[in-house]
Ligand code: UD1
């Protein structure tokens, strides 16, 4: 297994290109199942999760062609052409779904297109139990007959889905995406109340519109979808990754650096930018993206609670905690979305952080200096928070289980070392040699 070694203490200086958003690209790839024509997606990031989704779609019979080889230099997104003119299998098998929970987004499109779908239940993951009951009950409202059978969700709608009013009792991102895709091919109109407003949901809605769907209320918590008999092919370019942008903003802040995030959009990270401003970090719009640096050299502890968009994203909670570990004073971070998302805390403590956890809240007392240590990644965002801590720490940090990072960050070590970080990947084969 690869590891990442960081020698901390170098301020980041330079430009970091922001890749296409993983969480936008995954449902966009699944949207190809809604039409027999070609869907072309641009600015797709080079990530392990994208490969997993491509493999899943391939086994459903989707023809895929990748344009743009993985670049040695630069970070140009890839263009992917997907043609689902024949669905070879309606089953998403356990072996692929267990690798990536987001595989659940094939359920809505497969059911709407084929009248039947069988998708493995994703099961728990490192950050909590993460059920999919809201996806299931909403599809039932659209007329699907659903059985849970030997670990699989078996959904049938032989006469097609029909529009309905769906009221989500809590905000679910992939739940909203699944239902939006299913409703686009249902008979009649669907209203989704308490829909997720995340930019990735809006990006999917824009792509579906380009494919011929009629969706009102894009970007709001009430979506109205007029079902269509069929959708057609389209071209769509994936939005930049706001979580990657927020992560690198915190990397700039934690190292007292000065970084331009190329392609990043302020409207996607307004809440994050406001909170970082309170903490003493300035984020300014530039012609190419966003410039991030400390306003007056000091960092100040701030309180934060994770919330659905436009609130502070849970996917940046661990990174903010790393930053707060070296801020002046205390800060309180409360996680409201997932029940087990403080796995980074014991690892940060091993680097000298002062953190106490009470239920869903963590109290962080800033320390002058973190110290490097061997640490273990437990999930995607926890692992990147340890990399941030390593960039600020005195001495050497070795991050184990880097495959978590590779699921969601495109060549993190290359982007950071181009800005002066002392960071390198130790490949398994190098160690064996
Ligand atoms: C998506 C993101 C993930 C992010 C999360 C919250 C993708 C591919 N992943 O995950 O990175 O952390 O949004 O912003 O876009 N819930 C239920 N029943 C359901 C569905 C959800 O109880 O049927 C609960 C979840 O356990 C969680 C909350 O609702 O507590 C929000 O989860 P949800 O928005 O669905 O997260 P994902 O779509 O899985």
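The values are calculated or read from the model by the stated rules, or taken from the named source; none is laboratory data. A quick note: this is a predicted structure, and the numbers were derived from the prediction, not measured. Backbone-built Cβ (ideal geometry, glycine too); neighbour counts: all protein chains shown.
Points worth noting:
- Residue selected from segment 355-378 under the condition assigned to a loop (DSSP other than H, G, I, E, B) and touching a helix residue (DSSP H, G or I) at 6+ places or on another chain (Cβ under 6 Å), by the criterion nearest to the ligand (Cβ to nearest atom): 377
- Test result for residue 265, modelled with pLDDT of 95 or more, within 17 Å of the chain's Cα centre (by Cα) and surrounded by 24 or more Cβ atoms within 10 Å (Cβ to Cβ): no
- In segment 19-36, the residues that are more than 10 Å from the ligand (Cβ to nearest atom) and either within 14 Å of residue 177 (Cα to Cα) or assigned to a helix (DSSP H, G or I) (or both): 28, 29, 30, 31, 32, 33, 34
- Failed condition for residue 292, given (1) in contact with a strand residue (DSSP E or B) (Cβ under 7 Å, 6 or more places away or on another chain); (2) part of a loop (DSSP other than H, G, I, E, B); (3) without any contact (Cβ under 8 Å) to a residue 60 or more places away in the chain; (4) under 25 Å from residue 202 (Cβ atoms): (2)
- Any hit, segment 83-96, residues being within 16 Å of the ligand (Cβ to nearest atom) and surrounded by 24 or more Cβ atoms within 10 Å (Cβ to Cβ): yes
- Scan of segment 314-336 for residues that are in contact with a strand residue (DSSP E or B) (Cβ under 7 Å, 6 or more places away or on another chain) and crowded, with 20+ Cβ neighbours inside 10 Å, ordered by number: 317, 320, 321, 324, 325, 327, 331, 333, 335
- Count of segment 128-151 residues which are in contact (Cβ under 8 Å) with a residue 12 or more places away in the chain, surrounded by 11 or more Cβ atoms within 10 Å (Cβ to Cβ), within 16 Å of the ligand (Cβ to nearest atom) and on the phi < 0 side of the Ramachandran plot: 9
- Some residue of segment 337-345 being surrounded by fewer than 20 Cβ atoms within 10 Å (Cβ to Cβ) and more than 23 Å from the chain's Cα centre (by Cα): no
- Residue that is nearest to the ligand (Cβ to nearest atom), among those in segment 156-169 that are part of a loop (DSSP other than H, G, I, E, B) and surrounded by 11 or more Cβ atoms within 10 Å (Cβ to Cβ): 168
- Qualifying residue in segment 400-408 (condition: at pLDDT 95 or above and either crowded, with 22+ Cβ neighbours inside 10 Å or in contact with a strand residue (DSSP E or B) (Cβ under 8 Å, 6 or more places away or on another chain) (or both)): no
- Elements of type strands (runs of 3 or more DSSP E) contained in segment 170-233, each with 2 or more residues being without any contact (Cβ under 8 Å) to a residue 60 or more places away in the chain and within 16 Å of the ligand (Cβ to nearest atom): 189-193
- Filtered residue count, segment 342-354, keeping only those that are within 15 Å of the ligand (Cβ to nearest atom) and touching a strand residue (DSSP E or B) at 6+ places or on another chain (Cβ under 7 Å): 1
- Residue match in segment 296-307 (condition: near the ligand (Cβ under 10 Å from one of its atoms) and in contact with a helix residue (DSSP H, G or I) (Cβ under 7 Å, 6 or more places away or on another chain)): yes
- Residue 122 meets the stated requirement of being surrounded by 17 or more Cβ atoms within 10 Å (Cβ to Cβ), within 12 Å of the ligand (Cβ to nearest atom) and part of a loop (DSSP other than H, G, I, E, B).
- The condition of being closer than 22 Å to residue 234 by Cβ, in contact with a strand residue (DSSP E or B) (Cβ under 7 Å, 6 or more places away or on another chain) and surrounded by 17 or more Cβ atoms within 10 Å (Cβ to Cβ) holds for only one of 202, 184, that being 184.
To keep it simple, each residue is scored yes or no on (1) touching a helix residue (DSSP H, G or I) at 6+ places or on another chain (Cβ under 6 Å); (2) modelled with pLDDT of 95 or more; (3) part of a helix (DSSP H, G or I); (4) under 21 Å from residue 179 (Cβ atoms).
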position: 39; (1), (2), (3), (4): yes, yes, no, yes
position: 53; (1), (2), (3), (4): yes, yes, yes, yes
position: 58; (1), (2), (3), (4): no, yes, yes, no
position: 70; (1), (2), (3), (4): no, no, no, no
position: 73; (1), (2), (3), (4): no, no, no, no
position: 76; (1), (2), (3), (4): no, no, no, no
position: 106; (1), (2), (3), (4): yes, yes, yes, yes
position: 110; (1), (2), (3), (4): yes, yes, yes, yes
